[in-house]
Number of protein chains: 6
Amino acid sequence: MYSLNVRDHFMIAHSFEGEIFGPAQRLHGATYVVDATFRRAELDADGLVVDIGLASQTLTAVLGDLRYRNLDDEPAFAGRNTTTEVLARTIHDRLVAAIHDGALGEGARGLGSVAVTLHESHVAWGSYEGAV
Amino acid sequence: MYSLNVRDHFMIAHSFEGEIFGPAQRLHGATYVVDATFRRAELDADGLVVDIGLASQTLTAVLGDLRYRNLDDEPAFAGRNTTTEVLARTIHDRLVAAIHDGALGEGARGLGSVAVTLHESHVAWGSYEGAV
Amino acid sequence: MYSLNVRDHFMIAHSFEGEIFGPAQRLHGATYVVDATFRRAELDADGLVVDIGLASQTLTAVLGDLRYRNLDDEPAFAGRNTTTEVLARTIHDRLVAAIHDGALGEGARGLGSVAVTLHESHVAWGSYEGAV
Amino acid sequence: MYSLNVRDHFMIAHSFEGEIFGPAQRLHGATYVVDATFRRAELDADGLVVDIGLASQTLTAVLGDLRYRNLDDEPAFAGRNTTTEVLARTIHDRLVAAIHDGALGEGARGLGSVAVTLHESHVAWGSYEGAV
Amino acid sequence: MYSLNVRDHFMIAHSFEGEIFGPAQRLHGATYVVDATFRRAELDADGLVVDIGLASQTLTAVLGDLRYRNLDDEPAFAGRNTTTEVLARTIHDRLVAAIHDGALGEGARGLGSVAVTLHESHVAWGSYEGAV
Amino acid sequence: MYSLNVRDHFMIAHSFEGEIFGPAQRLHGATYVVDATFRRAELDADGLVVDIGLASQTLTAVLGDLRYRNLDDEPAFAGRNTTTEVLARTIHDRLVAAIHDGALGEGARGLGSVAVTLHESHVAWGSYEGAV
């Protein structure tokens, strides 16, 4: 299995609902350093998992819809806690949709799965990996 | 598959038996920076893999029984070399026992596996991943 | 010159005023991974720059007044942009006040300076270093 | 599943053929920080995945054939782009051959797979994992 | 003293002349992860060391003249070894020239010094710090 | 000012005397990841702060006298706590002695200072910087 990873980051505000979240129920925020990892069994005709330039641009575009926002005000997350895990899944799904739309090129249709990891500090991260 | 990781560390002394260990047969020690990664197929009702606060506390508690000790004197490791791999397995098993005891909350019973990685330097780490 | 560093982190929401800040004028947030570096010319009687336990506890206490807050609502920052640089200075000043109050022990009065570095992502950080 | 990882690095020059590579079609180069991760289901008789000293020496030996070279001149890569993914596969295959040759000791024959990850910058890496 | 750091990277080919360089006399290459650290005694009117957006753009522009090149062919380095130290100085001087040209804004004229650090692997880096 | 840094690590056992050290009074141990940073105002005739190969070899040699040892048994530290700060100073002094002995080459006599930083975990480090 081959993998290729690109990294970017975004900064948001949000709050959580539910006693389990303790002081994180208050409006606060986070920097998420994001690793998008693309996987496939065999390389494409250029010897690549995916074009690294297109992968970076697509990740930046997907994060652009979240960057510098208060996620409590985003309709996409209405009624849901934007935990690290939920955000990882959201970014995963948007990357997979972009792959299906051809944003990563024709070769990228051979991708098997995408993992998205959000590093929220030097001691904690969450991720979601699923099929393309 | 969703994952959530928390990090902590502990410092111990130990020695190894067997010629293969060369100078590490002498009494020496290590800092282990520990990543405990919890995995599950679906999130719990709060949109979480596991409560990050409980996960951190439990990891700290498990490491507390090893911290600042000479592992050569610990009955739990009598007759065994406390290699990085063996320690990763030990911490894994103690975290899984804590999950079964409810220390990470009811939702944590839905966890599928736990991986424990011990970084022993900037160039080496060992890990064990197994089912909950 | 001797130095000792301890690391912790906090997560906040805030917004900036001024066109130079572009999209960061919107309410967003950040994780700040904080390095507090204590410096002195000679070690104390225990062979230490400062007791690492007290240093960690004091840093955690200082960050506790910022953690999980919307800094736009904090009186301490009224009328000011809470840039990374401003926050580094604020944390520095509070650590120095704690040193003067004896929170780091009598030996810590021999400290020469404190540097506070706030890592806001994998590509950017800001810091302030000043005398004790 | 147990894993053990050792890290080393090498520096090379190369160029790529194909419009998709843009400016990387020019002769340039890279530092690759290499993680070689060895995996197996059960530890060997010494409580190890593999002897860490032999693993490090073998990785260094394999990288020695690439180090400080212009890969465009290496017969092993004639007619192929030496992308990060291709290099990860090459190093994997050479490590597996070394395992079969006994370079990592008799116990290493119980290894299940090897993953090789090449970090080409602070924001990108590629890897290949395959059976021993 | 306040500092602000931005990070980027570039990849080049080069060779060194002189027996002291051993195998690095051969054509090879490197990834340099670059930290540009801007320092000043007092913040500007916006509470900044320098606008982080302009700092990042300027660093990217300066690195753009080196990126994906064989430095042995660059007239700017004719007759000189492009060691990590020499490259750090070159990038420093070009950043300082950009500051003097106003590329980082009027406020940046209050900068006191710039440090440029080039990380060439996980175990080695070189840097140059000088006045603006 | 130019700087060049090389990194290595060593693992030791030790204990501390004094109530301030709490549980670290017990025999335990540590991995120290060591950064040796060499500084000078002007480069040598080869465009270097110091030959990186000689610097790495010398650091490895200096650490070789500490590696895999119980520092409580080392005469060099009799009657002293081997805190991170004390060890940083010891390694600094031994590197400076090696420079004076010519181990880093004739050009290294132009070095101005050496800083030695010992990373004892992902959250703490100590260092000593002094003149050559």
Which distances, in nm and shortest first, link the F:Ala45 label point to the same label point in every other copy, taking 7 Å along Cα→Cβ? 5.4, 5.4, 5.6, 5.8, 7.8
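Using a probe radius of 1.4 Å on protein heavy atoms only, what is the accessible area buried between chains E and D, both sides summed, to the nearest 100 Å²? It would help to have the intermediate numbers written out before the result.
On the way: alone 7170 and 7160 Å², together 12450 Å².
What E and D bury together is about 1900 Å².
Restricting things to alpha carbons, find the Rg to Rh ratio for chain C using the Kirkwood radius for Rh.
Numbers: Rg = 15.5 Å, Rh = 15.4 Å.
Answer for chain C: 1.01.
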What are the residues of the range C:109-125 that lose 30 Å² or more of accessible area, with a 1.4 Å probe, going from their chain alone to all protein chains? C:Glu120, C:Ser121, C:His122, C:Val123, C:Trp125
So what is the relative contact order for the range E:15-90, in percent, with contacts set as C-alpha pairs under 8 Å and at least six apart? 29 percent
Against the longest principal axis of chain D, how steep is helix D:52-64, in degrees 0 to 90 to the nearest 10, with axes from Cα atoms? 20 degrees
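Using just the helices of chain C, give the 222 nm mean residue ellipticity in deg cm²/dmol: DSSP H runs with n ≥ 4 each add -39,500 (n - 2.57), and the total is spread over all residues, rounded to 500. Please report the intermediate quantities before stating the final value.
Numbers: 2 runs with 30 residues, N = 132.
One gets -7500 deg cm²/dmol as the mean residue ellipticity at 222 nm.
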Heavy-atom accessible surface of the range D:1-118: percent carbon and sulfur, 1.4 Å: 48 percent
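Give, rounded to the nearest 20 debye, the magnitude of the charge dipole that the range A:31-92 has about its Cα centre when Lys and Arg contribute +1 at Cβ and Asp and Glu contribute -1 at Cβ.
Working: 6 positive and 10 negative charges, 34 e Å.
In total the dipole reaches around 160 debye.
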Put a label point 7 Å from Cα along the Cβ direction on F:Glu74, then list its distances to the equivalent points in the other copies in nm, shortest first. 2.4, 3.9, 4.2, 4.2, 5.1
If labels are modelled 7 Å from Cα along the Cβ direction, C:His100 lies from its partners in the other copies at nm distances, smallest first, of 4.1, 4.1, 5.7, 6.2, 7.2
So if each residue of separation counts as 0.36 nm, and I subtract the Cα-Cα distance between F:Asp101 and F:Phe77, what length gain in nm does that give? 6.4 nm
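Give the average, rounded to an integer, of partner chain Cβ atoms located within 10 angstrom of each Cβ in B:52-58.
Values: counts 10, 5, 1, 1, 2, 0, 0.
That works out to 3 on average.
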Using a 10 Å cut-off around each Cβ of peptide E:71-78, what is the average number of partner chain Cβ atoms that fall inside? 1
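Please compute, for peptide F:79-90, the average count of beta-carbon atoms on other protein chains lying within 10 Å of each residue's beta-carbon. It would help to have the intermediate numbers written out before the result.
Details: counts 0, 1, 4, 1, 8, 7, 12, 4, 1, 3, 3, 0.
Per residue, the number of nearby Cβ atoms from other chains is 4 on average.
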Please compute the net charge surrounding E:Arg40, taking Lys and Arg as +1 and Asp and Glu as -1 over other residues with Cβ under 11 Å from its Cβ. -1
Between helix C:84-100 and chain C: long-axis angle, C-alpha atoms, 0 to 90°, nearest 10: 30 degrees
Projected area averaged over orientations for the range B:72-132, convex hull of C-alpha atoms, nm²: 5.0 nm²
Mean accessible area per residue over the protein assembly as shown (1.4 angstrom probe, all protein chains present, square angstrom) is 37 Å²
Can you name the chain E residue with its Cβ nearest the rotation axis from E to D, and give the distance in Å as a whole number? E:Gly29, 0
Here the protein assembly as shown gives, from Cα atoms, an Rg and Dmax in Å of 25.6, 70
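The values are calculated or read from the model by the stated rules, or taken from the named source; none is laboratory data. Small disclaimer: the values here were computed from a predicted structure and weren't measured. Virtual Cβ from ideal backbone geometry, glycine too; neighbours counted across all protein chains shown. These accessible areas exclude ligands, DNA and RNA; they are computed on the full protein's heavy atoms, side chains included. Shrake-Rupley method; radii C 1.70, N 1.55, O 1.52, S 1.80 Å.
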